[in-house]
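Student: Please read through the structure below; I'll follow up with questions.
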Amino acid sequence: MINKDIFWNYDSNDLETENEEELATHVYDFTWQGIDFTINELCTMIKEGDLIIPNFQRKLVWDKFRKSKFIESLLMGFPIPNIFFSETEKNKYWIVDGLQRITTAKDYINGKFALSSKETINEKWRNLSFSNLSEEEKRRIKRTLIRTIIIKQVIPKNSNDSIFGLFERINTGSVPLNSQEIRNAIYAGPFNDLLNEIAETEIWKKMYKGKDIVDIRMLDAEVILRYFGLKNIVINSPPGLPPKINLKEVLNECMKNYKNIDPNNKKIFKEEFIDLLELIYNFLGAKAFYRYEKKEKMLIPKSFNTSVFDSFMYGFYSFYKKYDFKNNFNEIDKNKFIDIIFLDSDYQRCVQEKTMDLVNIKYRYETVKKALQKIIDEK
């Protein structure tokens, strides 16, 4: 079930910003090997920095009862499911799947929690911390073997793109990871910091979700990423574009290309984005990126729509720093603009259906540009 506090006030078709099914276009070649590590060895690898814990996984922590059931399984000698690592550097590994099992064992051994007192835990271990166990029981936990599958990408060379797919397909956490949470881990760096910085600005919060809503799933950062990822496609229309844009690939490529953006360009990117938000906010208000629907002869703002966001940001970019929308345009101009856009049945279709079809992306952008030009020409 969708948590409305997370996905606040979206169009229903826009709950996932990559809502249309996308085909995987890359073929990878992997080498892999299975190694048995003891719990004690895995704990040492984390301590010494040989295991890389993705940022988003740090938030996904088992509750005490689930931790207790896992420790009980170790004490009872049950086999533990395989865990998966992805090799990134010599003897350094991303934890693709299995983080909670490893950290639960480490925390229990280090005295961070005692076992649950619930009746479903074996009576002889209820409420016991690691220090209360017998020496034989301590050894049993530390010496438990976990089969670890270590995967390394061979083709394409000089790329870790496959890590993205591995997180999506292999991770078995109770909360399915969305694309931006994975990007946040894989492409950590100055550009990722930029997205998160913008997401924390007051102007963005006003226009995206409201001050009291916390987007813990990073969809706000993904919407911001769309602006930078699709900008060249929309504004410059380079030759050779496919009829349908694979949004996931475009966003991944954008994160990879700008991952280590230099401080000066990071500053320029941020200023441009914030300036555009302020320009649009001054003209259209906090609900500028909402899709409007006609009800009883009036257009009513329904909800935030990512395709409206894209087209407005790029449309206004065409007039960036050329016009003072705050002082030269009024409420009548605003209403005219909204009427031109949202009484256009083709525009409405293009922000709700087949949103990544190139012809629809271009139509949205051109419609906004023409509407703005019409308002400007009539002044």
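Every number here is computed from the coordinates shown, using simple stated rules; none is lab data. Just so we're clear, the structure is a prediction, and the values are computed from it rather than from any experiment. Using ideal geometry, Cβ is built from the backbone for each residue, glycine included, and neighbour counts are taken over all protein chains shown.
Student: Using r as the Cβ-Cβ distance of S131 and S73, and R0 as 22 Å, what FRET efficiency do you calculate, to the nearest 0.05?
Tutor: FRET efficiency, S131 to S73: 0.65.
Student: Within the set K206/K379; K209/K322; K259/K287; K295/K334; K248/K374; K64/K248, which residue pairs have Cα atoms separated by over 24 Å?
Tutor: Correct reply: K206/K379; K209/K322; K259/K287; K248/K374; K64/K248.
Student: Let me ask something additional. FRET efficiency for R147 and K287, Cβ-Cβ distance as r, R0 = 51 Å, nearest 0.05?
Tutor: That pair, R147 with K287, gives E of 0.45.
Student: Oh, and also: Which residues does a label at N328 reach in the range 356-379, if reach means a backbone N under 19 Å from a point 7 Å past the Cα toward the Cβ?
Tutor: Taking a point 7 Å out along Cα→Cβ of N328, the residues of the range 356-379 whose backbone N falls under 19 Å are 368-379.
Student: Something else about it: Below 8 Å, C-alpha to C-alpha, sequence gap of six or more: please give me the relative contact order for the range 194-378 in percent.
Tutor: About 24 percent, as a whole number.
Student: What would the Debye formula give as log10 I(q)/I(0) at q = 0.09 Å⁻¹ for the alpha-carbon point model of the range 194-378, no solvent?
Tutor: For the range 194-378 at q = 0.09 Å⁻¹, log10 I(q)/I(0) is -0.32.
Student: Still on this structure, please answer the following. Amide H neighbours of Y292 under 5 Å, at least 5 residues apart or on other chains, H built in the peptide plane: list them.
Tutor: Sorted by chain and number, the residues that satisfy this are K302.
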